[in-house]
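To start, the structure under review is shown below, and the notes come after it.
The values are calculated or read from the model by the stated rules, or taken from the named source; none is laboratory data. None of these values were measured; they are calculated from a predicted model. Note that we place each Cβ from the backbone using ideal geometry, even for glycine, and neighbour counts take in every protein chain shown. Keep in mind that these areas ignore ligands, DNA and RNA; they rest on the heavy atoms of the full protein, side chains included. Shrake-Rupley method; radii C 1.70, N 1.55, O 1.52, S 1.80 Å.
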Amino acid sequence: MSKLQKILAGIVAVCVLFFGFVVVRLGATPNDDSVKLAKISHENYAHLGKEAYKEAYPLEYNSFMKNNQGGESPTGYGGSDPGKSYIEMQPEIKENFKGYKFSVQYDVARGHTWAGVDQINSQRIPPQKGNCIVCKSSWMYDKWYKESGWDFASKPFAEATPPYTNKDTVEGTDLYFGCSSCHDPDTMELRVYQQGFVESMALKGIDISKASHNEMRGYVCGQCHNEYYFMAEDGRVRHPFIGGWEPEEQFKWYQTQSEQLGAFKQDWIHPDSKTPMLKAQHPDFEIWTTSVHADAGVTCVDCHMPYMRENGQKYTSHWMTSPLKTVEASCLKCHDESKETLIARVKTIHDNNFKLQRTAGQTVAKAHLAVKAAMDAGATDEQLAPIRLKLREAQWYWDWVAAENGNGFHNPDKCMRISGEAIDLGHQVIEEANALVKGSL
């Protein structure tokens with residue numbers, strides 16, 4: 001080797017060592033260990049809000065406040081603009097929720113920072129109780145539950161809700177959904193404050209206090225993104241996944257077990273079909289729990305709150321938004337398809353799910369009217385009892401998929417199967433009700 005070659009080889013070796021060190025150093029940077037724990041003021045319950053964390057955790061705070069942003073979703077469905085109505089987009093909702101508040105107002109959910117504004121101003125609030133604040137703020141736990149357990153759940157909403165200075169602004173509703181909803185304000189460790197979730201998981205044999213860090217990355221979201229009901233005896237929150245993760249299991253549980261555990265019989269009686277109905281509430285956790293991503297250990301946070309970098313510092317994005325806005329950080333760290341191919345695949349799943357879900361909802365709406373026609377023709381309650389039971393089940397399946405926030409993506413196979421079951425049951429209802437009208441049943 002000549003002298004020049006030795007010099008060049010030396011330069012190359014130094015470069016490899018230097019840049020190798022840089023790459024290894026950056027890659028080895030602990031996820032959030034570089035964030036120093038700060039003491040947050042408890043004065044006037046500031047630790048339950050957002051503003052008090054602004055100076056201590058600027059990267060996380062600034063990304064969290066991106067949840068204020070409006071605009072259409074890159075999926076083509078949903079978005080974060082005020083007043084975007086599901087009822088206008090899916091008119092069958094008007095019939096399916098007739099006689100219930102969801103037929104009056106049912107808007108696409110905006111970013112988490114708007115939780116207080118949108119709840120306080122909701123047309124569905126007036127008759128509600130304190131249990132409606134459970135997932136809108138850790139005020140439920142850090143204020144009420146620590147003082148008097150579930151007593152707040154049966155209080156009027158206006159008495160139980162966190163204080164606010166302006167019901168129309170994020171700043172004026174600071175004590176709604178903030179850092180303490182997912183983090184212990186004193187240690188900043190992930191936490192599950194929603195006691196209905198803790199109690200229901202315990203009844204299922206799962207001790208939240210022994211959860212691993214990765215499990216907590218699913219539980220902090222799952223504590224609120226799930227199906228729930230209010231127990232008749234004291235209004236506390238319960239979750240039917242005590243009976244199973246599948247909608248069929250939950251329906252069976254509502255039919256056979258709920259009354260023994262102090263639950264209720266129905267959310268309302270449909271005025272057309274006189275059917276006792278159940279309203280599903282965004283069962284995102286149940287749908288994700290049995291998904292391919294969950295099997296692979298991928299949690300809500302991995303996709304919706306990916307790791308980001310700013311000025312060389314690694315942090316967890318707190319902008320809980322569509323992963324299609326952060327494809328490189330959310331998806332392409334694991335998937336090796338091109339960005340274009342992956343986005344097209346996601347949109348195809350959404351399109352197919354939405355079409356089938358709409359068909360299911362429209363079939364259920366027709367089923368309500370078919371039962372009404374049978375009643376008008378003189379069918380008795382005894383004759384209609386098994387038909388109404390099928391209608392209750394059909395709408396439960398449709399709603400279970402329609403109310404879920406992932407538009408099918410969190411578990412495509414399951415969502416398609418459940419919509420199909422709703423369609424099948426809806427047609428059975430229509431055929432059997434029509435048979436009563438014709439006198440052939």
message: Going residue by residue through segment 95-111, is there one that turns out to be open to solvent by 30 Å² or more (accessible area, probe 1.4 Å) and on the phi > 0 side of the Ramachandran plot?
response: yes
- request: Find the residue count for segment 134-148, including only residues that are over 12 Å from Gly196 (Cβ atoms) and in a helix (DSSP H, G or I).
  value: 7
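Condition (residue is open to solvent by 30 Å² or more (accessible area, probe 1.4 Å), within 24 Å of Ile287 (Cβ to Cβ) and modelled with pLDDT of 95 or more) applied to segment 362-381: is it met by at least one residue?
Here is the first cut: in segment 362-381, the residues open to solvent by 30 Å² or more (accessible area, probe 1.4 Å) are 362, 366, 369, 372-373, 375-378, 380-381.
With within 24 Å of Ile287 (Cβ to Cβ) added as a condition, the list becomes 362.
This time we only want the ones that are modelled with pLDDT of 95 or more, so: 362.
Yes, some residue in segment 362-381 is open to solvent by 30 Å² or more (accessible area, probe 1.4 Å), within 24 Å of Ile287 (Cβ to Cβ) and modelled with pLDDT of 95 or more.
I'm trying to understand the selection: among the residues of segment 300-318, which are assigned to a loop (DSSP other than H, G, I, E, B) and modelled with pLDDT of 95 or more? Before the answer, list the steps.
First pass over segment 300-318, keeping only residues assigned to a loop (DSSP other than H, G, I, E, B): 305-306, 311-312, 317-318.
Residues satisfying the conditions are Met305, Pro306, Ser317, His318.
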statement: Out of (1) without any contact (Cβ under 8 Å) to a residue 24 or more places away in the chain; (2) closer than 30 Å to Asn311 by Cα; (3) hydroxyl-bearing (Ser, Thr, Tyr), the one Ser73 does not meet is (1)
query: So which pairs qualify, if the first residue must be in segment 80-93 and assigned to a loop (DSSP other than H, G, I, E, B), the second must be surrounded by fewer than 14 Cβ atoms within 10 Å (Cβ to Cβ) and of a type in the set (Gly, Ala, Ser), the Cβ gap must be under 8 Å, and the two must be at least 6 apart or on different chains?
result: Ser80/Gly70; Ser80/Gly71; Asp81/Gly70; Asp81/Gly71; Pro82/Gly70
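If a residue has to be in contact (Cβ under 8 Å) with a residue 24 or more places away in the chain and not β-branched (Val, Ile, Thr) to count, how many in segment 425-441 make the cut? Reasoning before the result, please.
In the first step, residues of segment 425-441 are kept if they are in contact (Cβ under 8 Å) with a residue 24 or more places away in the chain; the result is 425-430, 432-434, 436-437, 441.
Okay, now just the ones that are also not β-branched (Val, Ile, Thr), so 425-428, 432-434, 436, 441.
Qualifying residue count for the region: 9.
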- prompt: Just wondering, is there one or more residues in segment 340-349 that are open to solvent by less than 40 Å² (accessible area, probe 1.4 Å), part of a helix (DSSP H, G or I) and among the small types (Gly, Ala, Ser)?
  reply: no
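Look at Asp336 and say whether it is among the acidic types (Asp, Glu), at pLDDT below 95, open to solvent by 70 Å² or more (accessible area, probe 1.4 Å) and under 22 Å from His304 (Cβ atoms). Outline the logic, then answer.
Values: among the acidic types (Asp, Glu): yes; at pLDDT below 95: yes; open to solvent by 70 Å² or more (accessible area, probe 1.4 Å): yes; under 22 Å from His304 (Cβ atoms): yes.
The answer is yes for Asp336.
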task: State all residues of segment 319-339 that are over 14 Å from Gly406 (Cα atoms), in contact (Cβ under 8 Å) with a residue 24 or more places away in the chain and in a loop (DSSP other than H, G, I, E, B); if no residue qualifies, say none.
output: Trp319, Cys331, Lys333, Cys334
message: For the condition part of a helix (DSSP H, G or I) and either touching a Cys at 6+ places or on another chain (Cβ under 6 Å) or open to solvent by less than 40 Å² (accessible area, probe 1.4 Å) (or both), what is the one hit in Gly426, Gly408?
response: Gly426
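Using the structure shown, decide if Ala360 is of a type in the set (A, V, I, L, M), in contact (Cβ under 8 Å) with a residue 12 or more places away in the chain, over 14 Å from Ala422 (Cα atoms) and part of a helix (DSSP H, G or I).
On the way: of a type in the set (A, V, I, L, M): yes; in contact (Cβ under 8 Å) with a residue 12 or more places away in the chain: yes; over 14 Å from Ala422 (Cα atoms): no; part of a helix (DSSP H, G or I): yes.
Spelling it out, it is not the case that Ala360 is of a type in the set (A, V, I, L, M), in contact (Cβ under 8 Å) with a residue 12 or more places away in the chain, over 14 Å from Ala422 (Cα atoms) and part of a helix (DSSP H, G or I).
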Single match in Gln128, Gln195, Gln123 (criterion: in contact with a Phe, Trp or Tyr (Cβ under 7 Å, 6 or more places away or on another chain), of a type outside the set (A, V, I, L, M) and open to solvent by 30 Å² or more (accessible area, probe 1.4 Å)): Gln128
message: If Gly172 satisfies all but one of (1) outside any helix (DSSP H, G or I); (2) within 17 Å of Ala115 (Cβ to Cβ), what's the number of the condition it fails?
response: (1)
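If we scan segment 269-281, do we find a residue that is among the hydrophobic types (A, V, I, L, M, F, W, C), assigned to a helix (DSSP H, G or I) and either open to solvent by less than 20 Å² (accessible area, probe 1.4 Å) or under 27 Å from His410 (Cβ atoms) (or both)?
So in segment 269-281, the residues among the hydrophobic types (A, V, I, L, M, F, W, C) come out as 269, 277-278, 280.
Subsequent filtering for residues that are assigned to a helix (DSSP H, G or I) retains none.
Among the residues of segment 269-281, not one is among the hydrophobic types (A, V, I, L, M, F, W, C), assigned to a helix (DSSP H, G or I) and either open to solvent by less than 20 Å² (accessible area, probe 1.4 Å) or under 27 Å from His410 (Cβ atoms) (or both), which makes the answer no.
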Number of the condition not met by Gly420 [criteria: (1) closer than 25 Å to Val292 by Cα; (2) not in a helix (DSSP H, G or I)]: (2)
